[in-house]
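Q: Questions regarding the structure given below will be posed in turn.
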Amino acid sequence: MQGMATLAEIQEHLGYEFKDLSLLDKALTHSSFTNEIGIRHADSNERLEFLGDAVMGLSVALMIFERFPRLAEGRMSALRANLVKSDSLAEMARQIGLGEGLRLGVGADKTGLRDNDSVLEDAFEAVMGAVFLDGGPSVTGTVIRSLFASRMEEQAELLASGTSIDDYKTMLQIEIQKNGTADIRYETIAESGLDHDKIFHVSVRVGDQKLGEGSGKTKKEAEKMAAKMALEELGCI
């Protein structure tokens, strides 16, 4: 159950105190709550989520642009995608206590949505939208820079050590979206080896076209290698 103490803690973690606390309250209101009590769907956090996604994308892009002046466009896109991907935002939401502050429908709360990655990601984006409306672009940029600072430095250390930061699946999605479609499917085509040492074989397709295949000890690794092969076939890497 959301309370004033929870909202105060969230503001402390954000490093920002809202002038209009109702904006933070709305950012933490899931559609299951509005549906359950019969108020307008527009009173959920979905519109703020839309705004926050755009605000955050621009702020993170500016951070990357300034922090890595020699990084090529493709790798900047991959780095931004890594920083704002769902599980990363969900983890940041947990760190600032958004799960405890969410207003959920009773049924939704019982199913564990309070700790669901997608719900937490949406709430995080909505809170960034709320900060933007309450404090303006400069304040929002400061808040986002503070929240993303440690993750940005982790990526800087990876670059300095020569470790690849490339997320091949994200890079492939970005490339395919340039043509106006993002219908990318990863399919497990075979499994080999013993149960304790299994190898997965995966293909990646766009529509009916197979772009690449990859293998790995996990499906995630196999999908990554399939995406890498697809990017090589497309001449992107």
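FYI, it's all coordinate maths here, none of it is from the lab. In this text, all values refer to a predicted model and were calculated from it rather than measured experimentally. Because the Cβ atoms are built from the backbone with ideal geometry, glycine has one as well, and the counts that use them run over all protein chains shown.
Q: For mean projected area of the Cα convex hull in nm², pick the label among (i) 13.0; (ii) 15.8; (iii) 11.9 that corresponds to the value derived from the coordinates.
A: (ii)
Q: Got a sec? How would K210, K217, K169 order by Cβ neighbour count within 10 Å, fewest to most?
A: Final ranking by Cβ density, sparse to dense: K217, K210, K169.
Q: I'd like to compare 132-141, 78-87: which one has the highest average count of other Cβ atoms within 10 Å, and what's the full order after that?
A: Values: 132-141: 16.2, 78-87: 18.0.
Put in order of decreasing packing, that is 78-87, 132-141.
Q: Per the helix-only calculation at 222 nm, which mean residue ellipticity applies to the chain, given -39500 (n - 2.57) for every DSSP H run of n ≥ 4 and division by its residues, nearest 500 deg cm²/dmol?
A: Helix-only estimate at 222 nm: -19000 deg cm²/dmol.
Q: Mind checking the full-extension length gain between L234 and R70? Use 0.36 nm per residue of separation minus the Cα-Cα distance, one decimal, nm.
A: On the way: separation 164, 0.36 × 164 = 59.04 nm, distance 2.39 nm.
Between L234 and R70, full extension yields an extra 56.6 nm.
Q: Moving on to the next point. So, R0 is 25 Å and r is the distance between the beta-carbons of Q173 and D117; what FRET efficiency does that work out to, to 0.05?
A: Once rounded, the FRET efficiency stands at 0.85.
Q: May I ask you to derive the FRET efficiency for H13 and D208 from their Cβ-Cβ distance with R0 = 30 Å, giving the value to the nearest 0.05?
A: 0.05
Q: Mind checking which of G141, A130, L172 is farthest towards the positive end of the chain's charge dipole, using Cβ charges of +1 (Lys, Arg) and -1 (Asp, Glu) about the Cα centre?
A: Selected residue: L172.
Q: Among G112, G193, G99, determine the one that fluctuates most according to a GNM of the chain built with springs between C-alpha atoms less than 10 Å apart.
A: Among G112, G193, G99, the largest GNM mean-square fluctuation belongs to G193.
Q: Evaluate the distance, in nm, between pseudo-label points positioned 7 Å from the Cα of S192 and of K217 along their respective Cα→Cβ axes.
A: A separation of 1.7 nm, rounded to one decimal place.
Q: Test of understanding: ordering E36, E66 by Cβ neighbours within 10 Å, fewest first, what list do you get? Intermediate values should be presented prior to the final figure.
A: On the way: E36 16, E66 9.
With the fewest neighbours first, E36, E66 line up as E66, E36.
Q: Determine, from the Cβ-Cβ distance of D183 and E154 and an R0 of 35 Å, the FRET efficiency 1/(1 + (r/R0)^6), rounded to the nearest 0.05. All intermediate terms of the calculation are to be shown ahead of the outcome.
A: Numbers: r = 32 Å, r/R0 = 0.92.
Between D183 and E154 the formula returns 0.60.
Q: Using a Cα distance threshold of under 15 Å, what count of lysine pairs results for the range 168-233 when pairs must be 8 or more residues apart or interchain?
A: 13
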